[in-house]
1. Taking θ as phi - 60°, what are the ³J(HN,Hα) couplings along the stretch 39-46 by the Karplus curve (6.51, -1.76, 1.60), each to the nearest whole Hz, with x for Gly and Pro?
2. Going by average Cβ neighbours within 10 Å, how do the peptides 115-123, 99-107, 72-80, 200-208 rank, with the highest at the top?
3. Expressed in nm to one decimal, what extension gain is obtained for the pair F21 and L170 from 0.36 nm per residue of sequence separation less their Cα-Cα distance?
4. Would you kindly state how much longer the chain becomes between F204 and V32 on full extension, computed as 0.36 nm times their sequence separation minus their alpha carbon distance, in nm to one decimal?
5. At 1.4 Å probe size, what's the solvent-accessible area of F134? Round to the nearest 10 Å².
6. Using a 1.4 Å probe and counting only protein heavy atoms, arrange V212, V178 so the residue with the most accessible area comes first.
Amino acid sequence: MSAALLSGTQKSKYRHKRARFLYQFVLYLSPVILLTSIFPLVTPRMAGIMVGGVELPQIILAVAITVPWMSQSVCLPVYRAMGDLLGEREMNACMRRFAEYWMTTSLAVLPALLFFSLPFFFALNWSLTTLLAFLVLGFLNMLFSQLLVIANLPTDSRNTWAFAWLAYALALFAFPAVWFLPPLMGIFVMLFVLRGHLRHLVAFKRLDYHVVAKEMLRGFLLGSVLWADKYLLFITLDGTMNVIAVYMGLAPAVIAYNYFFAAEATKVDRAVGHLRTIIESKGYQ
């Protein structure tokens, strides 16, 4: 009887663990689920809205292609700034470190964004007004991406991540013509999470320029695996590519990528942390 009871307890724990994993996995996929559902609904409402002679959906699509690639590049320096704290799972210490370095690491967004914008400007014959709108929208989305690093800290919950993306998606759905509102809403959510550490923003600590450049280059190369071809396709087709076909083609890779972070990333982090501890304790011989 005790064996049967133990077996029942183990099954209950297994079901609870599986339900928790599925919940966390859905949270990981929340931006994909929300934006894939909302974009087809709001795109017709944006039709006819012109910014500098270019339709608003084209600018938003240009940002949607650029930001995932750029975010790999501009977020790695943020992780590097918190590197020695990530394995300790000390949320307050990580958020304080983030706040101390964010104002300087966010400056890295500007040259990267300008680099990505110039092919659009020349190949698609954008006006300066259109370019400015792209730069503003891209910059806001990149700041949001950097703030999402907080939601990626080694904790046991992805609720913050989902809430921030929900605010982003609701703003897009309710006011699609106010193109700068969605990233602003996401930023406000993440700044609220960071509220206890906002005073540390004025620390203006910075990484060495060589470290920032190295991390950004590494992120650029990592992001190019998924996004370089979409970026070039968008330019080649004069900004008129089939968005649904492209993003549906990306779905398997995105799901697999998020599955890794939901199921395996914690194990990898622990293994690396354990290896680092062993190396530090044994020294080099």
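The values are calculated or read from the model by the stated rules, or taken from the named source; none is laboratory data. Given the structure is predicted, the values throughout are model-derived calculations rather than measurements. Heads up, the Cβs are rebuilt from the backbone with ideal geometry, glycines too, and the neighbour counts pull from every protein chain shown. The accessibility values were calculated without ligands, DNA or RNA, using every heavy atom of the protein model including side chains. Shrake-Rupley method; radii C 1.70, N 1.55, O 1.52, S 1.80 Å.
1. Each residue's phi maps through the Karplus curve to give 4, x, 7, 8, 4, x, 6, 8 Hz.
2. For the peptides 115-123, 99-107, 72-80, 200-208, the packing ranking is 72-80, 99-107, 115-123, 200-208.
3. Full extension of this stretch gives 51.1 nm more.
4. This chain segment gains 58.6 nm when fully extended.
5. 0
6. If we order V212, V178 from most to least accessible, we get V178, V212.
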